[in-house]
Amino acid sequence: PSVSMSELERLLRAKAVLLPGVKVTLHLEKGKEVKSKTWAYPGGLKGYLEELADGDVPVAPIFEGETYLGKPRDGDTFAEGEGAAWALAWFEDSGGAGESYVNLIPTAAGGTHEAGLRSALFEAVKSFVDHHGLLPRGARLQTEDVSAKVRFVLSARILDPQFQGQVKEKLTSRDALKLVAQIVKDPLEVWLNSHLDHAKRIAELAIDQAMTRMK
């Protein structure tokens with residue numbers, strides 16, 4: 001059969017990334033010759049994002065985190081074990097791009113978990129900008145202003161995910177937006193206020209995007 005080697009390698013590499021400590025090896029037989037490739041990412045998502053950046057230097061260190069929920073309390077809408085791991089950074093000279101996964105399934109077309117991540121970024125950065133009075137008079141931040149220069153890797157864990165399409169390339173579970181937004185926003189706010197110089201650089205990027213859009 002004809003197999004896309006680039007696609008196969010991308011999927012295998014992703015499995016190694018999403019399961020830190022796991023080593024994945026591909027053996028390719030051609031006649032009597034066997035070629036092998038191995039992927040392992042002890043650094044998890046952060047190491048993978050650094051590889052994807054291909055030498056580009058972000059304006060602030062990579063922000064990474066991982067949160068999975070414990071036993072639900074009365075009124076909680078999420079199940080035990082649901083949550084996400086992420087690594088993201090802002091880059092000055094590139095458009096935003098990312099890779100996302102749900103239960104190790106690649107979601108090439110994104111979906112509600114990515115929307116939740118963008119919502120968390122917007123709320124956290126806007127809160128920082130408002131608190132420090134950084135926004136010029138008449139300017140307004142929108143979600144795309146904050147996420148336009150972000151590169152990310154997001155791996156969500158969801159109990160009963162709903163997808164669009166047969167190949168599950170887009171997540172449509174409505175609760176996923178709230179879940180990811182909830183677990184990323186607070187840690188990012190803390191991080192921004194603990195790294196003021198980096199946070200102000202990120203805020204400047206977002207404000208520049210807003211001013212360009214408004215022009």
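Could you say whether any residue in region 164-184 is of a type in the set (S, T, N, Q), touching a Pro at 6+ places or on another chain (Cβ under 8 Å) and under 24 Å from GLU80 (Cα atoms)?
Yes.
Looking only at region 33-49, count how many residues are at pLDDT below 90 and open to solvent by 80 Å² or more (accessible area, probe 1.4 Å).
The total comes to 1.
Any chance region 96-115 includes a residue that's at pLDDT below 95, of a type outside the set (D, E, K, R) and over 22 Å from LEU11 (Cβ atoms)?
Within region 96-115, one or more residues are at pLDDT below 95, of a type outside the set (D, E, K, R) and over 22 Å from LEU11 (Cβ atoms).
Mind checking which residues of region 19-32 are open to solvent by less than 80 Å² (accessible area, probe 1.4 Å) and either among the aromatic types (Phe, Trp, Tyr) or assigned to a strand (DSSP E or B) (or both)?
If the condition is that a residue be open to solvent by less than 80 Å² (accessible area, probe 1.4 Å) and either among the aromatic types (Phe, Trp, Tyr) or assigned to a strand (DSSP E or B) (or both), then VAL24, THR25, LEU26, LEU28 are the ones that fit.
Has region 73-93 got at least one residue that is among the polar types (S, T, N, Q), in contact (Cβ under 8 Å) with a residue 12 or more places away in the chain and more than 30 Å from MET214 (Cβ to Cβ)?
The answer is yes, given that some residue of region 73-93 is among the polar types (S, T, N, Q), in contact (Cβ under 8 Å) with a residue 12 or more places away in the chain and more than 30 Å from MET214 (Cβ to Cβ).
Could you check region 128-147 and list, in sequence order, the residues that are under 20 Å from the mean Cα position of the chain (by Cα), open to solvent by 40 Å² or more (accessible area, probe 1.4 Å) and either more than 13 Å from ALA210 (Cβ to Cβ) or of a type outside the set (Ser, Thr, Tyr) (or both)?
GLN142, GLU144
Got a number for residues in region 82-99 being in a loop (DSSP other than H, G, I, E, B), open to solvent by 30 Å² or more (accessible area, probe 1.4 Å) and among the hydrophobic types (A, V, I, L, M, F, W, C)?
Counting residues in region 82-99 that are in a loop (DSSP other than H, G, I, E, B), open to solvent by 30 Å² or more (accessible area, probe 1.4 Å) and among the hydrophobic types (A, V, I, L, M, F, W, C) gives 0.
Going through region 100-119 one residue at a time, which ones are closer than 18 Å to SER147 by Cα, open to solvent by 30 Å² or more (accessible area, probe 1.4 Å) and not hydroxyl-bearing (Ser, Thr, Tyr)?
ALA108, ALA109, ALA115, ARG118 - these are the residues of region 100-119 that are closer than 18 Å to SER147 by Cα, open to solvent by 30 Å² or more (accessible area, probe 1.4 Å) and not hydroxyl-bearing (Ser, Thr, Tyr).
Considering only region 60-78, state which residues are among the aliphatic types (A, V, I, L, M) and surrounded by fewer than 16 Cβ atoms within 10 Å (Cβ to Cβ).
Across region 60-78, there are no qualifying residues.
Checking the condition free of Cβ contacts under 8 Å to residues at least 60 places away in the same chain and among the aromatic types (Phe, Trp, Tyr), which residue from TYR41, TYR48 passes?
Going through TYR41, TYR48 in turn, the sole match is TYR41.
The values are calculated or read from the model by the stated rules, or taken from the named source; none is laboratory data. Bear in mind that the values here come from a model prediction, so they are computed numbers and not experimental data. Methodologically, a virtual Cβ is constructed for each residue, glycine included, from the backbone with ideal geometry; neighbour enumeration extends over all protein chains shown. Accessible surface is based on the protein model in full, side chains and every heavy atom, while ligands, DNA and RNA are left aside. Shrake-Rupley method; radii C 1.70, N 1.55, O 1.52, S 1.80 Å.
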